[in-house]
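Engineer: Can you keep this structure in mind? I'll have questions shortly.
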4 protein chains.
Amino acid sequence: MISFASDYIAGAHPKVLEHLTKTNLETLSGYGTDTYCESAASKIKEACGCPSAEVFFLAGGTQTNQVVISTMLKDYEGVLCADTGHVSAHEAGAIEFSGHKVLTIPGVDGKIDAAGIKKFADKFYGDDSHEHMVFPGMVYISFPTEYGTIYSKAELEEIYKMAHAYDMSVFIDGARLAYGLESYKADVTMEDIARLCDVFYVGGTKCGALCGEAVVFTKCNMPAHFVPSVKRRGALLAKGRLLGVQFDALFTDGLYSEIGRYAIEKAEELKKIFAEKGYRFFINSPTNQQFIIMSDDKLREINDKVTYSFWEKYSDTETVVRFATSWSTTDEELEYLRTIL
Amino acid sequence: MISFASDYIAGAHPKVLEHLTKTNLETLSGYGTDTYCESAASKIKEACGCPSAEVFFLAGGTQTNQVVISTMLKDYEGVLCADTGHVSAHEAGAIEFSGHKVLTIPGVDGKIDAAGIKKFADKFYGDDSHEHMVFPGMVYISFPTEYGTIYSKAELEEIYKMAHAYDMSVFIDGARLAYGLESYKADVTMEDIARLCDVFYVGGTKCGALCGEAVVFTKCNMPAHFVPSVKRRGALLAKGRLLGVQFDALFTDGLYSEIGRYAIEKAEELKKIFAEKGYRFFINSPTNQQFIIMSDDKLREINDKVTYSFWEKYSDTETVVRFATSWSTTDEELEYLRTIL
Amino acid sequence: MISFASDYIAGAHPKVLEHLTKTNLETLSGYGTDTYCESAASKIKEACGCPSAEVFFLAGGTQTNQVVISTMLKDYEGVLCADTGHVSAHEAGAIEFSGHKVLTIPGVDGKIDAAGIKKFADKFYGDDSHEHMVFPGMVYISFPTEYGTIYSKAELEEIYKMAHAYDMSVFIDGARLAYGLESYKADVTMEDIARLCDVFYVGGTKCGALCGEAVVFTKCNMPAHFVPSVKRRGALLAKGRLLGVQFDALFTDGLYSEIGRYAIEKAEELKKIFAEKGYRFFINSPTNQQFIIMSDDKLREINDKVTYSFWEKYSDTETVVRFATSWSTTDEELEYLRTIL
Amino acid sequence: MISFASDYIAGAHPKVLEHLTKTNLETLSGYGTDTYCESAASKIKEACGCPSAEVFFLAGGTQTNQVVISTMLKDYEGVLCADTGHVSAHEAGAIEFSGHKVLTIPGVDGKIDAAGIKKFADKFYGDDSHEHMVFPGMVYISFPTEYGTIYSKAELEEIYKMAHAYDMSVFIDGARLAYGLESYKADVTMEDIARLCDVFYVGGTKCGALCGEAVVFTKCNMPAHFVPSVKRRGALLAKGRLLGVQFDALFTDGLYSEIGRYAIEKAEELKKIFAEKGYRFFINSPTNQQFIIMSDDKLREINDKVTYSFWEKYSDTETVVRFATSWSTTDEELEYLRTIL
């Protein structure tokens, strides 16, 4: 049985694990105050070209979204995102748990654009009774999106400008940032990402770590007393080193980019296999998640040979499924996949 | 200057005020334990044909929606409603403040139907990862809706049945219940309403009271220790008599129905005036709220003679506006309106 | 049966009711934007000697405490008060419902002092791990306190100074403000109150209104977009006039002071009666609430003649009970009380 | 520089790390559905002698307390604990963030007892207005406590019985469970713990893991749909294996007990050193945390040779400090400590 079910089916990238092992017996202070957190933060700030950035490590994606969004929004604000945005659809109401509404606009292939933001804001501020409505206080986008698509630099620039024109900050969910930046289609760098938002996070869990996301406040805007705010959301790890050491490894010698690049290469190979076999793609994804339309008959046939993710029903006899690659994808797996399609 | 801006532009119906005045110096116990709350509850239970119902008085509509929804939902559940539902669009995030998500399905003229509920629930339960999503735990509908439309008995029966088939309760927001029940188009009674939901509220604020909504739990399902749950939401009035006395008046000698009937009559006259003058209606509303498409030029012309509510832009030169009637609408106002249209 | 159970056993003061009646048929805009809210706010600002104050009307005390505290505190802050403070003990967790902790220090006769605040703050900031604790962000005091006691001007000045020295704001709960200001022992005016806090509220419910509290932000510090913040807490009344008209009456021709003065007079007479009959006082209260130690036998004897409030057990055979006066207390009631003690 | 600052200054116990390394490349499903989570749960259930127990893995202690308490309490309930309880004092308001109040009773050496619970409950239910107060719905105790002390079996039996007599559940915070169970003074086993509570957690972070706590519902009482409730609190790890694998190692061949035993041995040696040098203990702790009263002069002297935790000021010239042992404490460290005291 091989698996393309997700990008979190294996443990840590060997170099990450090696760093954990090597530092395991060192005595380090707790709660993110250790030297590895510091070192990792420095490397991330350098990678962002943003020396004044503030970096904070958290354990998982939903947690990060909840912490960032609910500490940055004002009481009466909500977060604006695509209807397919992860915070809207697949976090079991984590934003609402923190008291804030998720406001949605229709996405196209998982993406929103400046025009959509403007339309929403104009309607909102044009409404006489908008003081009885939830103010849009932040734009949330994911890079890559939940559908594997990415934003161009021009799109990000327009979104950033438009959001700020309406007093909204921009938060980029980079759960799979490595795959977005290393996509053959990407025209942005991590420096661009840092520049074109107010806060983003560098995904670790889905990009080679056992767990961990690095939140980067890029505009000297980390909420005051962020530690107690994190703590009261249950999100402060005692052994912060677990996060610091992993990100220190991920940002040493270009490992994070290497992981992204490798998975993208494998994804391209995977796409080619599906294409050669005549399968249709549900969406044209330039990153590590591929969405393929398959007949339910075929799926039944391969179910004991490979695992993948159910995405949605496409027709009465067809289903959209997701195949994801990662640093752990092997050529053997791809070859075997070819034989069973 | 006359006003059709809303159904809450005047104080209390004279008979309500009279009852407040008459009982003003009586010594009564606090927090809803007084004899008028008891009497009003009895009369409402009788009007519902539901002797086992439990009645609780709250001060306003948004408060009532928050209290009812957040005390009846389980932790992991959200409330399902039309995208135009009041709890979704116009309560500044009151449901989210209580930690719960509002899930929406497209409404038609403010209404949803059993098929829409089924479609949502099937998609939800059919999704492999629905444990990462917000469970639909309650269906919220308003009667009449935010667009003045009403549900037929058959529609309510289907919604109730479908909701329960998917483990959802049904909550009917009756902020304007009097106008819904007395609509010439209505085929339901208050008994039907009580039977076809798990909880509903009898709107007072918009139907003749100074403030107040009567929540009716119709299936012996009032949450245990409801008083502290209400109190901690800041919704327990010390002088509960203010609510009890008003509802006691509203449910004496058929006043509540009379108020509804009168406003509906006036709304029909108002519709006739607009129709005769050649205006188009945005929606065909059989209740006390009328939505008319007017040119911005015309609106500017009448702006210093009559107040109404902005609803939404219809085109570059036209706007949808709302004219509402109530117990306080006079024939003189209607006549004057005719002269300025 | 006579009643001294509380200061909210009667309806509205006749002059308040009269104003409601007189204005009942006027057409007024909703949500606190009407002319009576405006007029009442002006009169309150004048009474406070604080023309730049911002006034907002809410319906009840617990609601007001929740709205004010949770909109003024930062995410990581809690509110500091006496262990007997209303927000700590008797609001069913309304502050916690809004996500904030109530931090307590021991009170003496319901009061706290600057030294207690300093001790708490020094311990907090002196603790190496205070970033893992709830920051004290606001001092809450009630005037009069839950035990009927009041603060002197000197005490308030010290509290205000000390709170600000530690970055805390001061919130004065004036649910019974009229009785505090008119106490024979008071050396503060409403102007002093306004000056010596950041926000306070003028209690209506317990001082002659049917409902209503007037929040006064005295330092140009009303939270931005307060309306949606109020709305999402379910606390925005559609017919805001109900509150505006009542406060307009309360602040016309000195009615608010008159109500306070009258109740204080009656309380002094009541005290005299109890003293003459040889009863002991649990506390020396200079306001309208009196706490008397009575034998359980005596209580059983008078239980069908007078109502009062249970306060707490004093000994196996004695209980502390509360007798409260108000504008509605009559000489006849006091005379009758004398005969049954 | 040596460190006794806490029991989370090192990484994972070597055997835990080894298991992570060995399983690193295995393909496993996400979100706690993998075989190691299953295996670890089985082993924990066996260790508890409770085959029907339900086990769920979370990442950290504060998170666990928030998730367990807020999913088990009813809306109107709070959690009762010692005033020194971790959830009351040192979690930055995590319980309040979830909407619930922490109710406190005075602890003695960090412990509460059945009599204290009874006193609180009797006062609560004896109060006429307890429906305006927060209901005590759960008793929270820590084993060992924040002061290193432990409960005897008899004490736990009484607490459990008393709590249930007043409709409260019992939750045991076992962040340092290994040290409590292996204390020379302990007369309880993990089976006793499971039997004498409704839910407890087996601490990983402070007992040899990199992170992780295993929640054990012992009475078939895991809240329905616990996964979405965990997810919406941001507490569901994608790579649940990280927790499963670690607990699988901790519960193989008695490692968890071994870790506890070793740290207790080292703590006893440490106590002996302090005692021989004439230091006074702030509290008589039979577990791995030792609280010593030291002069500020002495502390300044050793500050560049050893790290410890500040606990609280004892007098103007003395401070209570905490020295903690763990699996990573070495004989060399103890010897060096002896030389500098």
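Engineer: Find the residue count for segment A:289-327, including only residues that are in contact (Cβ under 8 Å) with a residue 40 or more places away in the chain, surrounded by fewer than 22 Cβ atoms within 10 Å (Cβ to Cβ), of a type outside the set (Lys, Arg) and more than 27 Å from B:Lys119 (Cα to Cα).
Structural biologist: 3
Engineer: Spot the failing condition for D:Asp7; the list is (1) in contact with a strand residue (DSSP E or B) (Cβ under 7 Å, 6 or more places away or on another chain); (2) among the acidic types (Asp, Glu); (3) outside any loop (DSSP other than H, G, I, E, B), and only one is missed.
Structural biologist: So the condition that D:Asp7 fails would be (3).
Yes or no, residue by residue, for (1) of a type outside the set (Asp, Glu); (2) farther than 22 Å from B:Glu131 by Cβ; (3) in contact (Cβ under 8 Å) with a residue 12 or more places away in the chain:
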residue: D:Leu237; (1), (2), (3): yes, no, yes
residue: D:Arg241; (1), (2), (3): yes, no, yes
residue: D:Gly254; (1), (2), (3): yes, yes, no
residue: D:Ser257; (1), (2), (3): yes, yes, yes
residue: D:Tyr262; (1), (2), (3): yes, yes, yes
residue: D:Ile273; (1), (2), (3): yes, yes, yes
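Engineer: In addition: Right, D:Glu333: charged (D, E, K, R), in a helix (DSSP H, G or I) and touching a Lys or Arg at 6+ places or on another chain (Cβ under 9 Å) or not?
Structural biologist: yes
Engineer: Tell me the residue from B:Ala114, B:Ala53 that is modelled with pLDDT of 95 or more, away from chain C (no Cβ under 14 Å), crowded, with 18+ Cβ neighbours inside 10 Å and out of contact with any strand residue (DSSP E or B) (no Cβ under 9 Å at 6 or more places or on another chain), please.
Structural biologist: Residue meeting the stated conditions: B:Ala114.
Engineer: Right, another one. What's the total number of residues in segment C:73-97 that are in a loop (DSSP other than H, G, I, E, B) and out of contact with any Lys or Arg (no Cβ under 7 Å at 6 or more places or on another chain)?
Structural biologist: Residues that pass the stated criteria total 7.
Engineer: If you don't mind, there's one more thing I want to ask. Output the number of residues of segment B:219-235 satisfying the condition of being in contact (Cβ under 8 Å) with a residue 60 or more places away in the chain, more than 11 Å from chain C (Cβ to nearest Cβ) and more than 12 Å from B:Val68 (Cβ to Cβ).
Structural biologist: Count: 1.
Engineer: Among the residues of segment A:305-341 satisfying the criterion of being polar (S, T, N, Q) and touching a helix residue (DSSP H, G or I) at 6+ places or on another chain (Cβ under 7 Å), which is nearest to A:Ser285 (Cα to Cα)?
Structural biologist: So, considering only residues that are polar (S, T, N, Q) and touching a helix residue (DSSP H, G or I) at 6+ places or on another chain (Cβ under 7 Å), the one nearest to A:Ser285 (Cα to Cα) is A:Thr325.
Engineer: Can you name every residue in segment D:163-197 that is of a type outside the set (A, V, I, L, M) and in contact with a Phe, Trp or Tyr (Cβ under 7 Å, 6 or more places away or on another chain)?
Structural biologist: Listed by number, the residues that qualify are D:Phe171, D:Asp173, D:Gly174, D:Gly180, D:Cys197.
Engineer: For segment D:73-88, what are the residues that are within 14 Å of chain A (Cβ to nearest Cβ) and either free of Cβ contacts under 8 Å to residues at least 40 places away in the same chain or among the β-branched types (Val, Ile, Thr) (or both)?
Structural biologist: D:Val87, D:Ser88
Engineer: If you don't mind, another one. Condition test on C:Ala47, is it over 30 Å from A:Ser98 (Cα atoms) and in the same structural domain as C:Val139 (by TED's automatic domain parsing)?
Structural biologist: For C:Ala47, the condition - over 30 Å from A:Ser98 (Cα atoms) and in the same structural domain as C:Val139 (by TED's automatic domain parsing) - is met.
Engineer: For segment C:98-194, please list each of the helices (runs of 4 or more DSSP H) lying entirely inside it that holds at least 2 residues being of a type in the set (Lys, Arg) and more than 29 Å from A:Tyr31 (Cβ to Cβ).
Structural biologist: Qualifying helices (runs of 4 or more DSSP H): C:153-165.
Engineer: Name, by its number, the condition in (1) part of a helix (DSSP H, G or I); (2) more than 9 Å from chain C (Cβ to nearest Cβ); (3) over 30 Å from A:Val79 (Cα atoms); (4) of a type in the set (Ser, Thr, Tyr) that does not hold for B:Ser70.
Structural biologist: All conditions are met except number (3).
Engineer: Evaluate the following for A:Leu341: is it closer than 30 Å to A:Tyr256 by Cα and more than 20 Å from the chain's Cα centre (by Cα)?
Structural biologist: no
Engineer: Still on this structure, please answer the following. Inspect all residues belonging to segment B:305-316 and state whether any of them is more than 27 Å from the chain's Cα centre (by Cα) and small (Gly, Ala, Ser).
Structural biologist: Yes, that holds for at least one residue.
Engineer: Against the condition in contact (Cβ under 8 Å) with a residue 24 or more places away in the chain, within 22 Å of C:Glu96 (Cα to Cα) and crowded, with 22+ Cβ neighbours inside 10 Å, how does D:Pro136 come out, does it pass?
Structural biologist: Considered against the rule, which asks whether it is in contact (Cβ under 8 Å) with a residue 24 or more places away in the chain, within 22 Å of C:Glu96 (Cα to Cα) and crowded, with 22+ Cβ neighbours inside 10 Å, D:Pro136 comes out as yes.
Engineer: What is the number of the single condition among (1) under 22 Å from the mean Cα position of the chain (by Cα); (2) buried (at least 18 other Cβ atoms within 10 Å of the Cβ) that B:Asp109 does not meet?
Structural biologist: (2)
Engineer: Considering A:Ala94, A:Ala10, A:Ala41, which residue is buried (at least 20 other Cβ atoms within 10 Å of the Cβ), under 29 Å from D:Leu20 (Cα atoms), touching a Ser or Thr at 6+ places or on another chain (Cβ under 6 Å) and of a type in the set (A, V, I, L, M, F, W, C)?
Structural biologist: A:Ala10 is the lone residue from the list that is buried (at least 20 other Cβ atoms within 10 Å of the Cβ), under 29 Å from D:Leu20 (Cα atoms), touching a Ser or Thr at 6+ places or on another chain (Cβ under 6 Å) and of a type in the set (A, V, I, L, M, F, W, C).
Here is a yes/no grid of residues against (1) at pLDDT below 95; (2) within 14 Å of chain A (Cβ to nearest Cβ):
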| position | (1), (2) |
| --- | --- |
| B:Lys272 | no, no |
| B:Ser285 | no, no |
| B:Phe291 | no, no |
| B:Met294 | no, no |
| B:Leu299 | no, yes |
| B:Ile302 | no, no |
| B:Ser309 | no, yes |
| B:Lys313 | yes, yes |
| B:Thr317 | no, no |
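Engineer: So D:Ser42 ticks every box in (1) at the interface with chain A (Cβ under 7 Å from one of its Cβ atoms); (2) without any contact (Cβ under 8 Å) to a residue 12 or more places away in the chain; (3) not in a loop (DSSP other than H, G, I, E, B) but one. Which box is left unticked?
Structural biologist: Single failed check for D:Ser42: (1).
Engineer: While we're here: Every residue in segment C:154-176 that is free of Cβ contacts under 8 Å to residues at least 40 places away in the same chain and closer than 19 Å to C:Cys48 by Cα, please.
Structural biologist: If the condition is that a residue be free of Cβ contacts under 8 Å to residues at least 40 places away in the same chain and closer than 19 Å to C:Cys48 by Cα, then C:Ala154, C:Glu157, C:Tyr160, C:Val170, C:Ile172, C:Gly174 are the ones that fit.
Engineer: If you take the residues of segment A:198-228 that are of a type in the set (D, E, K, R) and crowded, with 24+ Cβ neighbours inside 10 Å, which of them is farthest from D:Val87 (Cα to Cα)?
Structural biologist: Taking the candidates together, the pick is A:Lys206.
Engineer: One residue is enough: does segment B:307-314 have a residue meeting the conditions assigned to a loop (DSSP other than H, G, I, E, B) and of a type in the set (A, V, I, L, M, F, W, C)?
Structural biologist: Checked against the condition, which is being assigned to a loop (DSSP other than H, G, I, E, B) and of a type in the set (A, V, I, L, M, F, W, C), segment B:307-314 yields no hits at all.
Engineer: What pairs come out if I take residues in segment B:107-120 that are under 24 Å from B:Gln290 (Cβ atoms) and pair them with residues that are assigned to a helix (DSSP H, G or I) and of a type outside the set (Phe, Trp, Tyr) whose C-beta lies under 8 Å away, six or more apart or interchain?
Structural biologist: Here the result reads B:Lys111/B:Glu155; B:Ile112/B:Ile159; B:Asp113/B:Glu155; B:Asp113/B:Glu158; B:Asp113/B:Ile159, each pair linking segment B:107-120 to a residue that is assigned to a helix (DSSP H, G or I) and of a type outside the set (Phe, Trp, Tyr).
Engineer: Oh, and also: Could you say whether any residue in segment B:246-256 is surrounded by 24 or more Cβ atoms within 10 Å (Cβ to Cβ) and at the interface with another protein chain (Cβ under 7 Å from one of its Cβ atoms)?
Structural biologist: No - not one qualifying residue is present in segment B:246-256.
Engineer: Considering only segment B:3-34, state which residues are more than 8 Å from chain C (Cβ to nearest Cβ) and touching a residue at least 60 places away in the same chain (Cβ under 8 Å).
Structural biologist: B:Phe4, B:Asp7, B:His13, B:Lys15, B:Val16, B:Glu18, B:His19, B:Tyr31, B:Gly32, B:Thr33, B:Asp34
Engineer: For D:Asp122, indicate whether it is of a type in the set (Asp, Glu) and farther than 27 Å from A:Gly234 by Cβ.
Structural biologist: Here the answer is yes, as D:Asp122 does meet what is asked.
The values are calculated or read from the model by the stated rules, or taken from the named source; none is laboratory data. Owing to the predicted nature of the structure, the values given are computational and were not obtained by experimental measurement. Glycine gets a Cβ as well: all are built from the backbone with ideal geometry, and neighbour counts include every protein chain shown.
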